[in-house]
Amino acid sequence: MSSPALFDRAILTAAARDSVRKLDPRSLMRNPVIFVTEVGAALTTFLWLRAPDAFSGQIAAWLWFTVLFATFAEAVAEGRGKAQAASLRQARSDVQAKLLLHPDTNDGLYEKVNAQTLAPGDVVLVETGDVIPLDGEIIAGVASINEAAITGESAPVIREAGGDRSAVTGGTTVLSDAIHVRITVAPGETFIDRMIALVEGAERQKTPNELALSVLLSGMTLIFLIAVVTLWGLAGYSGTQVSVVVLVALLVTLIPTTIGGLLSAIGIAGMDRLIRFNVIATSGRAVEAAGDVDTLLLDKTGTITFGNRMATEFLPMAGVSAAELASASLLASMGDETPEGRSIVALARSDFGLEDQPMIGAVLVPFAAQTRLSGIDVAGRKIRKGAVDSVLRFAGASASPEFRQAVDRVARSGGTPLAVADGARLLGVIHLKDVIKPGIRDRFAALRAMGIRTVMVTGDNPVTAAAIASEAGVDDFLAEATPEDKLAYIRREQVGGRLIAMCGDGTNDAPALAQADVGVAMQTGTQAAREAGNMVDLDSSPTKLIEIVEIGKQLLMTRGSLTTFSIANDVAKYFAILPALFVTTYPQMQALNLMGLSSPQSAILSAVIFNALIIVALIPLALRGVPYRRVGAAALLRRNLTVYGLGGLVLPFIGIKVIDLGLAALHLA
Amino acid sequence: MSLNGWLQIAVTLALVLAVTLPLGRYMAVLFTGGRTVLHPLLGPVERGFYRVAGVNPQAEQGWASYALAMLTFSGAGLAALYAILRLQGVLPFNPAGLPGVAPDLAFNTAASFLTNTNWQAYFGEVTLSPFSQMAGLAVQNFLSAATGIALAMAVTRAFARSAGSLGNFWVDLTRATLYLLLPLSIVVALAYVALGVPQSFATLDVTTLEGTQQVVPLGPLASQEAIKQLGTNGGGYFNANAAHPFENPSALSNIHAIWAMLVISAALPITFGRMVGSERQGWALLSVMAVLLIGGVALVYWAETAGNPLITALGVDPSMGNMEGKEVRFGQAMTALFVAVTTGLSCGAVNAMHDSLTPLGGLVPLLLMQLGEVLPGGVGSGLYGMLVFSVLAVFVAGLMVGRTPEFLGKKIEAREIRLAVLAVLILPLVILGFTAVSAMLPAALASLNNAGPHGLSELLYAYSSAAGNNGSAFAGLNANTPWFNTTLGIAMMLGRFAYVLPVLAMAGSLAAKPRAAASAGTFPTTSLLFVGLLVGVILILGGLQFFPALALGPIVEHVLMHAATTF
């Protein structure tokens, strides 16, 4: 999916409009901290109207700005989603569907109906150039489909009836051939509809952690409300008449407006980061859970290793030179178009500098699944390479102890041995192995430092699996894994108090996807898998699990860092406002004016202005997120506590002082 | 401040630390149902109690039934104590023929001893008969302390288990009294006797310096002192409390008194650590308490030795510092330690006149009480208060490591936060609310000895002490009026029960959660960093709301003192 820049002019304009609309107290009530700020702003405005003076007017204005900045932050975060939803909506424009009248008889008779009138169970015909009306399952035919509307990837994908590639998504376009699709959802509930709802935030509910944080922020608001209201009585005792405007100013600066104003923007931006990453989470809860994941269940193929095994070594028999074996292997693989075959050709060329030889009168024997052999007949030689038993049968020879040793050595190391024979003569063995993706080992080490275990899931036998696991540096592996094994493994880990993430695409993955705390279904997967998981990866790339975990952590970190920052800010605000409040009664209170602010009014106003501006200043951080580093929790905490805790303590002292200097220079207070 | 003074402080704290580990482990064994060395002797007694009371010691209680048992027991205790005080005139052991206690004072006193506060709005020696002191107050000295320990153990089990239940209140109460408080107070009382504290019903006929004859009643002082200190009760037999030469005759008995009030509260974090399977966690919590407490000691010690420039100006030798209201036999260092410890704990015994402390010296006990009595806090109540702060600290900062917050493997979610916030809301509400109302009420202001910021400190101190269940008094406030007796009584009840009920509910919710496995990605709660974080959270979340009140009280008084203004 295309995604707008972080600050797009159109989004900002729309957000500015929305931020005013969001001032409606009924909707602001959901955010107690900002709601209290709004009540304060209204109260000071009322007092200013009754007795207009420049100071109250400025306080009232800045309190309104504080509320506006908070609603603006949320509006910007939502605006980004809305822009994406708009482009998605284009894909959903009303389409005509060809409803098959007699789907059982195959007579091909159809009636053109509006897609919105279809019901689950209807069968439609979709032909070249047609848009698939609603989500469904192919029950007949095979087609290439452009799914760019949802994935942003224009390369067509093949979908066919039966098996794990039968699901199609409404809004995507058939490029060639015709298929019969059984509709599985009602109009308005398609995948695209759900995506639109998610990115627009229409279905946005507070996530569990967000809810807990709101409770804490409301509690702190209440505590400071008590402190400020009682201060009125205490000040009265001390002979100071504190104005309500000043008390409201003190309250608003003390309550956690920074995090209160940015909290919902942080949550929306977290979902948004995931969407830009082409992953759709069905709930915010899943994103939070991603941050908590302790164990990653990773499929070997495609994630840890490249999809295919590759030739890495030639093992010649005694009396055969390596170059001779390589040359024979090259010739025998000319007719093998499988990736393995091509990798043999590539290895022979790169390691032995062999060139294609002119082969007049050569007969290629292409690789076939039945024979499990490929080869060439040239100049009277019959060269074959392939599975060991097939080659032995072809050569009619029994394996020598030396040959058997070579085969065993390859098998033990987790590789696959291929034999090469020239007529009845066994030339040697080719070592095919799974090639670990470069850098994956370091990645797993980093995950381990973060406290996340990686488990490799593979259909290989335990010997092969163990060899690959140790080479890739995973913490554990599941060999000859069936879907039931995966489910059992997940349950076992969960009983031990760990959260599991996995990805899958087949219908038989569905139970494990549902059981996992974070289940990422591939967009290419079956409908069952997509419904069982709580995330869908539109790119269908199993490697993404790692990034998903990091995005979850980033969301939580951003929330925590800004909360800490917001709370730490209070110390400086006290030192700005308290001396200002009482310096007329007790001139010696000037000793607490650590920042040397120019006048009591300027001190109070500076604190209020800082409190408002810091929200705007932090919007980019809230949207972009605090950068995540692949280090352990202790190192992360040390860093974030220094930056946001200590920074939050110190920064407002500087900020308030600077604003105070500005106010004094402009003669505003 | 002198090196000698700091050495005295260090030696006293080292004596506490020496028994922290064995006592902490002993309590861990005791409250997990294990056998202690005292079982051969006390086991039959314990079982006898259960048989008589019809308690099944095996039965586990959820948070609600644990709380109900505690409330029932406390309600009965309140009623019994109130009755004893009101009926004092017709009850035995009343040699002086003292009349029944007035209703408001009886309520205040009953609430005070029930909640482990021991705020005394009366003069012990002239208001209460020995029967009231022994059958009324001393009983609650044991039971309120045992209740506090039981509650702390219930909250501890929330982190140690995943079964949902919190233990059995009756069993915890019995074990805390029988195996812990009784044997310890016998040892401590004997030590008091050895240090010269009277334990006698005799009276002394003495000739005073003026040459007149005076009858001085003694009393069961050593035994009363023992549980008063051990149970962080703090209610003195005499009005002068631990400054009285009978209660605290020498520098050595002073060390003993400080040791006795610290020893259980300092060991409880270790018990917690043992029970949750990480002794390191216990040491981390104890470190937080120690850092803040020693900071408090240092501030009092510094402020008091720096003295009062106004008094120096009158020609008094400033080398001794501010000695007004202090006992020469204890000296500045050990007075500072006592002041900070008795308020960092919710003990409230005093060996000096807190009203006479310098403004900053007086700020420390105020703040230590307002922080929620967790440094290290009253027996039991300090531990569960500290756990509430730990939960909040983990929640605020835990997110910064990129995981939803968990403490000792228990996820901290909305329900826990709601309850923790409800608990910490009580102190500012009660302290600031009652202080502000009193500060505007002429009837209340008439009780003040001083005007200006010092008067405000006196009010603030009274409600901080009551709500924090401390019981020490700034003095300078005539608190025996219907207004103060009633509101302070309410403050004490709220400070204890309105605080602990949400905490128990939180414990119940945590106890039902599975314990997540720890990994390198888990928020570290035993590191030095966590200790620093928790200190910060206690100061900011627990203390910041009191800053305006403190600024108008002791802080402004301090700056005024240096500007030579008095009230």
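The values are calculated or read from the model by the stated rules, or taken from the named source; none is laboratory data. Just so it is clear, the model here is predicted, and its values are computed rather than measured. Cβ: placed from backbone, ideal geometry, glycine included. Neighbour counts: every protein chain shown.
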Checklist entry - When residues of the range B:542-567 are filtered for being modelled with pLDDT under 85 and at the interface with another protein chain (Cβ under 7 Å from one of its Cβ atoms), how many remain? => result 1
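Just one of A:Leu63, A:Leu68, A:Leu28, A:Leu6 is buried (at least 22 other Cβ atoms within 10 Å of the Cβ) and either within 33 Å of the chain's Cα centre (by Cα) or modelled with pLDDT under 90 (or both); which is it? Write out each step before concluding.
Working: A:Leu63 fails: either within 33 Å of the chain's Cα centre (by Cα) or modelled with pLDDT under 90 (or both); A:Leu28 fails: buried (at least 22 other Cβ atoms within 10 Å of the Cβ); A:Leu6 fails: buried (at least 22 other Cβ atoms within 10 Å of the Cβ).
Every option except A:Leu68 fails the conditions.
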Checklist outcome for this item: Scanning the range B:17-69 for residues that are assigned to a helix (DSSP H, G or I) and hydroxyl-bearing (Ser, Thr, Tyr) gives B:Thr20, B:Tyr26, B:Tyr50, B:Ser65, B:Tyr66
Next on the checklist: Any residue at all in the range A:151-166 that's closer than 20 Å to A:Gln96 by Cα, in contact (Cβ under 8 Å) with a residue 12 or more places away in the chain and surrounded by 14 or more Cβ atoms within 10 Å (Cβ to Cβ)?
Outcome noted: no
Next on the checklist: Looking at B:Leu363, B:Leu419, B:Leu375, can you tell me which residue is surrounded by fewer than 24 Cβ atoms within 10 Å (Cβ to Cβ) and farther than 30 Å from A:Asp517 by Cα?
Outcome noted: B:Leu363
Checklist outcome for this item: Checking A:Val185, A:Val229, A:Val244 in turn, the sole residue that is modelled with pLDDT of 90 or more, of a type outside the set (S, T, N, Q) and touching a Leu at 6+ places or on another chain (Cβ under 7 Å) turns out to be A:Val244
Checklist outcome for this item: Exactly one of B:Asn118, B:Asn141 is within 19 Å of B:Ala222 (Cβ to Cβ), not small (Gly, Ala, Ser) and not in a helix (DSSP H, G or I), and that one is B:Asn118
Next on the checklist: Filter the range B:273-322 down to the residues that are closer than 25 Å to B:Ala10 by Cβ and over 25 Å from the mean Cα position of the chain (by Cα) and list them by number.
Outcome noted: B:Thr305, B:Ala306, B:Gly307, B:Ser319, B:Met320, B:Gly321, B:Asn322
Checklist entry - Can you spot a residue in the range B:515-525 that is more than 7 Å from every other protein chain (Cβ to nearest Cβ) and within 21 Å of B:Thr404 (Cα to Cα)? => result yes
Checklist entry - Within the group A:Ala445, A:Ala501, A:Ala472, which residue is touching a helix residue (DSSP H, G or I) at 6+ places or on another chain (Cβ under 7 Å) and more than 23 Å from A:Ala521 (Cβ to Cβ)? => result A:Ala472
Checklist entry - So which of B:Ala475, B:Ala466, B:Ala420 is more than 10 Å from chain A (Cβ to nearest Cβ) and either over 30 Å from B:Val341 (Cβ atoms) or outside any loop (DSSP other than H, G, I, E, B) (or both)? => result B:Ala466
Next on the checklist: Let me confirm something: among A:Ala635, A:Ala664, A:Ala617, which residue is more than 14 Å from every other protein chain (Cβ to nearest Cβ), free of Cβ contacts under 8 Å to residues at least 40 places away in the same chain and part of a helix (DSSP H, G or I)?
Outcome noted: A:Ala617
Checklist outcome for this item: Quick count over the range A:571-589, residues being in a loop (DSSP other than H, G, I, E, B) and either more than 7 Å from chain B (Cβ to nearest Cβ) or surrounded by fewer than 24 Cβ atoms within 10 Å (Cβ to Cβ) (or both), is 3
Checklist outcome for this item: Of the listed residues (A:Pro462, A:Pro483, A:Pro438), the one being at pLDDT below 85, surrounded by fewer than 19 Cβ atoms within 10 Å (Cβ to Cβ) and farther than 27 Å from A:Asp292 by Cβ is A:Pro438
Item to check | Residues satisfying the stated conditions in the range B:399-417, i.e. within 7 Å of another protein chain (Cβ to nearest Cβ) and assigned to a helix (DSSP H, G or I) | outcome: B:Leu399, B:Met400, B:Val401, B:Ala414, B:Ile417
Item to check | Residue in the range B:424-444 that is nearest to the chain's Cα centre (by Cα), counting only those that are more than 9 Å from chain A (Cβ to nearest Cβ), surrounded by fewer than 23 Cβ atoms within 10 Å (Cβ to Cβ) and outside any loop (DSSP other than H, G, I, E, B) | outcome: B:Ile426
Next on the checklist: I need a count of the residues in the range A:219-231 that are more than 7 Å from chain B (Cβ to nearest Cβ) and surrounded by 16 or more Cβ atoms within 10 Å (Cβ to Cβ).
Outcome noted: 4
Next on the checklist: Being in a helix (DSSP H, G or I), more than 7 Å from every other protein chain (Cβ to nearest Cβ) and either under 30 Å from B:Gly167 (Cβ atoms) or at pLDDT below 90 (or both) is true for just one of B:Leu501, B:Leu539, B:Leu488. Which residue is that?
Outcome noted: B:Leu501
